[in-house]
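Computed from the coordinates by the stated procedures, all read-outs in this text should not be read as laboratory data. Just so it is clear, the model here is predicted, and its values are computed rather than measured. Cβ coordinates were reconstructed from backbone atoms using ideal geometry, including for glycine residues, and neighbour counts include every protein chain displayed.
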Amino acid sequence: MNIILLGAQGSGKGTQADMLSQALRLKPCASGELLREAIAKGTPLGQIAKPYYDRGDLVPDDLVAGMILESLSNLGDAKGIILDGFPRNSVQAELLDRRFAEMGQRIDAVIYLEVPRDMLFDRLAGRYVCQAHGHVWNIKTHQPRIPGICDYDGSALFHRSDDTPEKIAHRLDIFFHETIQLVDYYGARGKLIRVDGAGDIGEVNRAIRAQLALKLNLSGGMPLSAQEESPAGD
Ligand SMILES: [Zn+2]
């Protein structure tokens, strides 16, 4: 079972990807991490990607797709992959479908974590990060016990320089512009699952898993209920 997770920064996508990968035994494939790992290990694809990455240029789609396929052919105990960060537009989505088909694989479902733009903006604008370990806090939704201090390690919290209102607005504009393409693309292929991402983490996770089970049953895929373990992280 191969899944794509779509969601803006601030949608809780990373947390949900972690929870789903544990509960469904899917290998997490965040494209940024795959890239950094391939470069660090000096794999053949990593070596081709390195000059682009070092210059700060976009790494060609074909290379990123290649790294995803490598991950897919090297699953270990996992039952599939959960993709995050790629594809970002319909051209990349077509490329990925083509490359998967060549391997006799496919994307089974695409989960779109929908969060209203103003809520995303508030979450991102209220975000503070601790100096020691990067723990994330939020002045509105997730406050530390002592203002300005991380509960876990006592280090000072700071506002990231790319979290200014202008930069947040720009990132969200790009996301919504690109995501519409993917929603249309996967919607037309009957793979899209829309999940309301505005609620709390456990609630959103249950909604994702319920809809995923329904979708995979309807499309003749494997039922999830029989093989599920206890819900992760609730
Ligand atoms: Zn901390």
Of all DSSP beta bridges having both residues in the stretch 17-162, the percent classed as antiparallel (nearest 5) is 65
With 31 Å as the limit, write out which pairs from 167/215; 13/79; 140/167 have Cα-Cα distances beyond it, or answer none. 167/215
From the helices alone, meaning DSSP H stretches of at least four residues, give me the mean residue ellipticity at 222 nm for the chain, per-run term -39500 (n - 2.57), in deg cm²/dmol to the nearest 500. -15500 deg cm²/dmol
The chain, relative contact order [Cα under 8 Å, separation at least 6], %: 26
Cα-based Debye curve of the stretch 1-79 sampled at q = 0.15, 0.24, 0.25 Å⁻¹ gives log₁₀ I(q)/I(0) of -0.59, -1.15, -1.19
Residue by residue, what Karplus-based ³J(HN,Hα) values in Hz, rounded to whole numbers, does the stretch 165-173 have, using 6.51, -1.76 and 1.60 with θ = phi - 60° and x for Gly and Pro? x, 5, 5, 4, 4, 5, 4, 5, 4
Tell me, 52, 186, 152 in order of fewest to most beta-carbon neighbours within 10 Å? 152, 52, 186
Test item: Cα-centred dipole of the chain, Lys/Arg +1 and Asp/Glu -1 on Cβ, debye: 160
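Provide the net charge surrounding residue 108, with neighbours chosen by a C-beta distance below 9 Å and charges set as Lys +1, Arg +1, Asp -1, Glu -1. Numbers along the way, then the final one.
Working: positive: 106, 191, 215; negative: none.
With Lys, Arg at +1 and Asp, Glu at -1, the net is +3.
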Counted neighbours (other Cβ, 10 Å), sorted fewest up, put 29, 130 in the order 130, 29
Pseudo-spin-label distance residue 73 to residue 164, built 7 Å along Cα→Cβ, given in nm, is 4.5
